[in-house]
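S.K.: Let me give you the structure first, and then I'll get to my questions.
The values are calculated or read from the model by the stated rules, or taken from the named source; none is laboratory data. Just so it is clear, the model here is predicted, and its values are computed rather than measured. Neighbour counts run over all protein chains shown; Cβ positions are idealised from the backbone, glycine included.
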Amino acid sequence: MNVVLIEDAAALAAFCERLEGIERVALDTEFHNERSYAAKLMVVQIVAGDEAAIVDPLKIADLNPLARALSTKTVVGHALQSDLKIFADRFNALPAVGWDTQLAAAFCGYGMAISLADLVSDLIGIRLKKSQTVSDWSTRPLSPQQVEYLVDDVRHLIPMADVLTERLERGGRYEWFAEEARALVDPAKYRPDAERLYLRIPGAMRMNRRELAILREVAQLRDTLARERDVPLKYIIPDDVMSGIVSLRPATRDDLAQLRRLDAGARKAFGDRIVAAVAAGLSIDEADLPRKPARPPGAEREAIVSCLAVLVGAIAAENELPPGLLTPRAALERVARELPTTAEAVARTLEAGSWRAGLVAEPLRALLAGEIALTVGGAAGGSPHVARVSHGAPAHPAETEAEEPRGGVQAG
């Protein structure tokens, strides 16, 4: 494979021209995100055809041409979301198709978080050298060992995607994977969630609706300021100071001096904007105030959530899928609160796409309706598993204490 270092705008333009006519490329990035709002790119690695390109963002000021070139491609990566988030944040551009080998592997029975090295070893039979895992990618020049590591991170991605595609198609799961993968190139996935900006601040759950309105306005301001300055949120206003602002309700910039962890420089730089945000929260009509977040389930509902989770875990095991890929716990908590009575309503409550709904919606409805119960089957035969029992008889007659160990993948 031909390896090229791209360190200036002219070389980048020439590489983008070479990308024309190539439909599928492999992508990985190295980045630092400790001191910035959006992750700072240190290196971009791309395999296109028989060429591996190492693009240096520290030497090329404008990577927008590369982002535009990739916007028409199928981009193959491993744990691709973190790479695409950088392109969404930095360049407001995403590829046409995102193909995540880690996500595909989850549908093939590898679990949710298999590493690139382990997947390459299993699918391709090659052991990667991971000697540069903790490398400082801001140093220059890149060493030969670093370049080798960077190329290894992308050279096997497309062959792995081909193997995984064949397995997904053979197991009847390619459409399941494709449905999940479409979300990777949805710009909305990478936009800040307005509720996450303020409801995750410590103390929010104890606030009344007016206080939440103030907190929401200040949180949105903090996000805007952090984005403008490209620094982490906590560098603008620490979380505990956010709650302090809500309690204080400052009417002037000088009032902010009562908050000891908001220094004079911050008060001077954006104190007036904080005061304006507080005033905006105070001026919101009563009917438009944010709703108080639902409290965590009580003891009885927590037990229901646990039962639902056991059933989801059993369905996941039957289909050799990670339970978290089927249904996150937060979605089961919504089901326990709302208690939907039809499979369609369960699917809506779960916000489940077609493949998820087909696996879990009806079983969850039946469990909520008391039409099935859960028990442990196969323990005496040394192959314990959760069995569904309907009207006192096993939902699956073969699931008896003496049954043989199960094998294969059931699509539900």
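S.K.: Can we say A88 is closer than 22 Å to S138 by Cα and either crowded, with 23+ Cβ neighbours inside 10 Å or out of contact with any Cys (no Cβ under 9 Å at 6 or more places or on another chain) (or both)?
M.R.: Yes; evaluated as a whole, the condition is true for this residue.
S.K.: Let me ask something else about it. Assess whether E217 counts as being more than 30 Å from E320 (Cα to Cα), in contact (Cβ under 8 Å) with a residue 60 or more places away in the chain and more than 20 Å from the chain's Cα centre (by Cα).
M.R.: yes
S.K.: Same structure again: Among the residues of region 20-34, write down those that are surrounded by fewer than 20 Cβ atoms within 10 Å (Cβ to Cβ), in contact with a Lys or Arg (Cβ under 9 Å, 6 or more places away or on another chain) and farther than 18 Å from S135 by Cβ.
M.R.: Scanning region 20-34 gives I22, E23, R24.
S.K.: A further question follows. Suppose the filter is surrounded by fewer than 20 Cβ atoms within 10 Å (Cβ to Cβ), touching a helix residue (DSSP H, G or I) at 6+ places or on another chain (Cβ under 8 Å) and not aromatic (F, W, Y); does A105 pass it?
M.R.: no
S.K.: Here's something else I'd like to know. Among (1) farther than 14 Å from L374 by Cβ; (2) of a type in the set (A, V, I, L, M); (3) at pLDDT 95 or above; (4) within 24 Å of the chain's Cα centre (by Cα), where does L325 come up short?
M.R.: Tallying (1) farther than 14 Å from L374 by Cβ; (2) of a type in the set (A, V, I, L, M); (3) at pLDDT 95 or above; (4) within 24 Å of the chain's Cα centre (by Cα), L325 fails exactly one: (3).
S.K.: Residues to consider are M160, M205; find the one that is at pLDDT 95 or above and surrounded by 14 or more Cβ atoms within 10 Å (Cβ to Cβ).
M.R.: Result of the check over M160, M205: M160.
Here's the yes/no breakdown for (1) of a type in the set (A, V, I, L, M); (2) within 19 Å of S306 (Cα to Cα); (3) within 21 Å of the chain's Cα centre (by Cα); (4) not in a loop (DSSP other than H, G, I, E, B):
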{"site": "L332", "(1), (2), (3), (4)": "yes, yes, yes, yes"}
{"site": "R337", "(1), (2), (3), (4)": "no, yes, no, yes"}
{"site": "E344", "(1), (2), (3), (4)": "no, no, no, yes"}
{"site": "A361", "(1), (2), (3), (4)": "yes, yes, no, yes"}
{"site": "A366", "(1), (2), (3), (4)": "yes, yes, no, yes"}
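S.K.: Surrounded by fewer than 20 Cβ atoms within 10 Å (Cβ to Cβ) and closer than 27 Å to R216 by Cβ: which single residue out of E300, E333 fits that description?
M.R.: Exactly one of E300, E333 is surrounded by fewer than 20 Cβ atoms within 10 Å (Cβ to Cβ) and closer than 27 Å to R216 by Cβ, namely E333.
S.K.: Going through region 1-39 one residue at a time, which ones are under 22 Å from the mean Cα position of the chain (by Cα) and over 20 Å from V147 (Cβ atoms)?
M.R.: Result: N33, E34, R35, S36, Y37, A38, A39.
S.K.: Okay, next question. Checking the conditions here, which among Y149, Y198 is crowded, with 18+ Cβ neighbours inside 10 Å, out of contact with any Gly (no Cβ under 7 Å at 6 or more places or on another chain) and in the same structural domain as K40 (by TED's automatic domain parsing)?
M.R.: Y149
S.K.: Limited to region 188-202, what total is found for residues that are in a helix (DSSP H, G or I) and over 13 Å from the mean Cα position of the chain (by Cα)?
M.R.: So the answer is 6.
S.K.: Now for a different question. Within region 35-55, take every residue that is in contact with an Asp or Glu (Cβ under 7 Å, 6 or more places away or on another chain) and surrounded by fewer than 21 Cβ atoms within 10 Å (Cβ to Cβ) and give me the one that is nearest to E23 (Cα to Cα).
M.R.: M42
S.K.: Which residues, counting only those in region 120-151, are of a type in the set (V, I, T) and more than 12 Å from I54 (Cα to Cα)?
M.R.: V120, I124, I126, T133, V134, T139
S.K.: Six or more apart or on different chains, Cβ under 7 Å: which pairs go from a residue in region 144-169 that's at negative phi to one that's part of a loop (DSSP other than H, G, I, E, B) and small (G, A, S)? Could you list them?
M.R.: The qualifying pairs are Q145/S131; Q146/S135; Y149/S131.
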